[in-house]
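These notes concern the structure reproduced below.
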Amino acid sequence: MVRVGILGATGYTGAELIRILSNHEDVQIKYLSSQNFNGKKIEDVYPSLKGFCSEKLQEYDTDKIIENCDVVFTALPSGYAVNIAEKLCKNGVKLIDLGADFRFDNFETYRDWYGSDKNGYGDIKRAYGLPELHRQEIKDALAVGNPGCYPTSAILGLSPALKSRIIENFIIIDSKSGVSGAGHSPKQGNMYAECNDNIKPYNVAKHRHIPEIEQELSHVNRKETKVVFTPHLTPMTRGILSTMYCRLIKEISAEDIYEIYNEFYKDEYFVKILDIGEYPSTKNVYGSNFCHIGFEIDKHSKTLIIMSAIDNLVKGASGQAVQNMNIMFGIEETRGLNMIPIFP
Ligand SMILES: NC(=O)c1ccc[n+]([C@@H]2O[C@H](COP(=O)([O-])OP(=O)(O)OC[C@H]3O[C@@H](n4cnc5c(N)ncnc54)[C@H](OP(=O)(O)O)[C@@H]3O)[C@@H](O)[C@H]2O)c1
């Protein structure tokens, strides 16, 4: 049994981790922390968990974590995991951070975009937690930086086209997210009256997910790759749909592109390539760890349009984090995650 702790258990990704892990037969939840709900049972904060997890929320205490856990998920705002990782990892506790602290190859990139008082990552063995691209590094890592939700959809959607060199090195990513992507703290822009019946772009050309997407696409493309990225807030609870526009280098048939994508993901259970002419939708992956990818060729403008859909709280956060945990502990990768999407 893997003994698990969750820091930030009362947030949306924390609660989603509990939902998934409560059905995972190789895991015991041993420690849940919160800032504002200490002493309460998690099922009293989230009645949806009634009967599945009655663990009490505690104050954050590293010694207790070291004594009780083999792995800890940090479902906290960015900046916390990087401060506690060294002590936990040196004492044999593996760490999976759902924030951005461990997503970058270079600490300087992290510091430039997120800010930090620290000088570097230290000598902790790290991995970027996108299993479809980094499975071996994740196996060996002590600290995994679980990818952001937008980057998961964009990197999975674009990697086969970049790797096979069928598109130019200029990519436009237009993404739409559900409101749960912003977490559970009340913010004016996330109030019902402001986001219902409304779609709005935000952080255009300056969203913090840009350097993460560029880092991973540059690896796949084997050269520096830049993207234009525009995220939108949409009136749905969960889901991300990314539509990506790429200029084709030469004429290619839909059948050949379909073949490239199928070949790239032939061993990947959680990535489904849709039939030619079929497009993904957030509803078709709702509540699941799947990523659906479809595409279309616009012959008139020689553009390949790739569309990728995930659930931001599952493949975009907590499901992917459990997938990473399974890999790190030698557990079957799909354990606890074989959930059929909820439809309608
Ligand atoms: N939401 C998504 O779709 C999504 C997707 C991918 C990645 N992420 C990342 O995952 C992390 C968690 O996101 P979330 O959406 O679950 O956030 P959230 O709903 O706002 O929850 C944040 C959690 O962190 C705790 N917390 C906040 N400030 C704290 C502090 N100063 N000290 C200790 N605990 C503190 C909160 O505790 P209390 O509730 O007790 O105050 C809560 O449990 C973030 O880094 C986010 O960027 C989120």
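Within region 112-130, the set of residues being within 16 Å of the ligand (Cβ to nearest atom) and closer than 19 Å to Pro211 by Cα comprises Trp113, Tyr114, Gly115, Ser116, Tyr128, Gly129, Leu130.
Here Cys195 passes the criteria (1) touching a Gly at 6+ places or on another chain (Cβ under 8 Å); (2) in the same structural domain as His300 (by TED's automatic domain parsing); (3) within 14 Å of the ligand (Cβ to nearest atom) except the one numbered (3). When restricted to residues that are farther than 21 Å from Leu313 by Cα and open to solvent by 10 Å² or more (accessible area, probe 1.4 Å), region 83-106 contains 11. All but one of (1) farther than 27 Å from Arg247 by Cα; (2) surrounded by 12 or more Cβ atoms within 10 Å (Cβ to Cβ); (3) of a type in the set (Phe, Trp, Tyr); (4) away from the ligand (no atom under 16 Å from the Cβ) hold for Phe170; state the number of the condition that does not hold. Exception for Phe170: condition (1). Counting the residues of region 84-98 that are within 16 Å of the ligand (Cβ to nearest atom) and among the β-branched types (Val, Ile, Thr) gives 2. The residues listed here are Leu158, Leu133; of these, the one that is surrounded by 16 or more Cβ atoms within 10 Å (Cβ to Cβ), away from the ligand (no atom under 11 Å from the Cβ) and within 15 Å of the chain's Cα centre (by Cα) is Leu133.
If you go through region 38-70 and keep only what is in a helix (DSSP H, G or I) and touching a residue at least 40 places away in the same chain (Cβ under 8 Å), you end up with Ile65, Asn68.
Residue check: Leu7 meets all listed conditions (1) within 24 Å of the chain's Cα centre (by Cα); (2) more than 9 Å from the ligand (Cβ to nearest atom) but one, namely (2).
Against the test of being part of a strand (DSSP E or B), without any contact (Cβ under 8 Å) to a residue 24 or more places away in the chain and open to solvent by 10 Å² or more (accessible area, probe 1.4 Å), the options Lys272, Lys266 yield a single qualifying residue, Lys272.
When the residues of region 1-31 are filtered to those that are without any contact (Cβ under 8 Å) to a residue 40 or more places away in the chain and in contact with a Lys or Arg (Cβ under 7 Å, 6 or more places away or on another chain), the one that is farthest from Asp61 (Cα to Cα) is Gln28.
Screening the candidates Asp61, Asp101 for the property of being near the ligand (Cβ under 10 Å from one of its atoms) and of a type in the set (D, E, K, R) yields one hit, Asp101.
Let's see how each residue does on (1) open to solvent by 70 Å² or more (accessible area, probe 1.4 Å); (2) at pLDDT below 95; (3) not in a strand (DSSP E or B):
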| site | (1), (2), (3) |
| --- | --- |
| Gly5 | no, no, no |
| Thr10 | no, no, yes |
| Gly14 | no, no, yes |
| Leu17 | no, no, yes |
| Ile20 | no, no, yes |
| His24 | no, no, yes |
| Gln28 | yes, no, no |
| Tyr31 | no, no, no |
| Asn36 | yes, yes, yes |
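Taking each residue of region 140-167 that is not assigned by TED's automatic domain parsing to the domain that holds Lys302 and looking for partners that are away from the ligand (no atom under 14 Å from the Cβ) and basic (Lys, Arg) with beta-carbon atoms closer than 7 Å, six or more apart or interchain, yields Asp140/Lys125; Ala141/Lys125; Ala141/Arg126; Leu142/Lys94; Leu142/Lys125; Ala143/Arg126; Gly145/Arg126. Whenever a residue of region 75-87 is of a type outside the set (A, V, I, L, M), its partners that are assigned to a helix (DSSP H, G or I) and more than 6 Å from the ligand (Cβ to nearest atom), lying with C-beta atoms within less than 6 angstrom and at least six residues away or across chains, give the pairs Ser78/Tyr114; Lys87/Thr62.
The values are calculated or read from the model by the stated rules, or taken from the named source; none is laboratory data. Computed from a predicted structure; not experimentally measured. FYI the Cβ positions are ideal-geometry reconstructions off the backbone, even for glycines, and counts take in every protein chain you see. Calculation scope for accessible area: heavy atoms of the full protein, side chains included, ligands and nucleic acids excluded. Shrake-Rupley method; radii C 1.70, N 1.55, O 1.52, S 1.80 Å.
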